[in-house]
Amino acid sequence: MNATLKLTSTAAPLAGQLVTFRANTPLGPMVLGTALTKAAGVATLAPPALPISSTVITATSYTASFAGTSCYASSSATAPLTLVLFPVLP
């Protein structure tokens with residue numbers, strides 16, 4: 001999952017900002033994790049290393065949220081979520 005933060009006025013990337021990723025499940029949003037934006041303003045949440053709950057499997061979208069700071073307004077965006085299952089290795 002990726003999210004990009006840019007200034008509205010100049011489209012300049014915002015580096016070093018925390019983005020929270022949530023799966024939008026039928027039971028409500030579930031936090032998947034957080035990531036910092038890099039120099040290009042992109043925050044990437046790598047696949048989880050631990051098993052995920054069955055509730056997350058039912059999610060069809062995710063929301064990336066930036067809480068904002070004293071200088072920048074909060075922001076969020078929602079995108080489709082496709083779950084790709086990998087077999088458990090013995």
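The values are calculated or read from the model by the stated rules, or taken from the named source; none is laboratory data. Note that the structure is a prediction, hence the values are computed from the model and not measured. These accessible areas exclude ligands, DNA and RNA; they are computed on the full protein's heavy atoms, side chains included. Shrake-Rupley method; radii C 1.70, N 1.55, O 1.52, S 1.80 Å.
Computed over protein heavy atoms with a 1.4 Å probe, the accessible surface of the chain works out to 68 Å² per residue. The candidate values were (1) 37, 29, 18; (2) 48, 29, 19; (3) 52, 24, 19; the one computed from these coordinates for Cα extents along the principal axes in Å carries the label (2).
Tally up the carbon and sulfur contribution to the accessible surface of the chain as a whole percent, 1.4 Å probe, everything protein left in place. With neighbouring chains kept in place, the figure for the chain is 64 percent. Using the rule -39500 (n - 2.57) for each DSSP H run of four or more residues, divided by the residues of the chain, the 222 nm mean residue ellipticity is -500 deg cm²/dmol.
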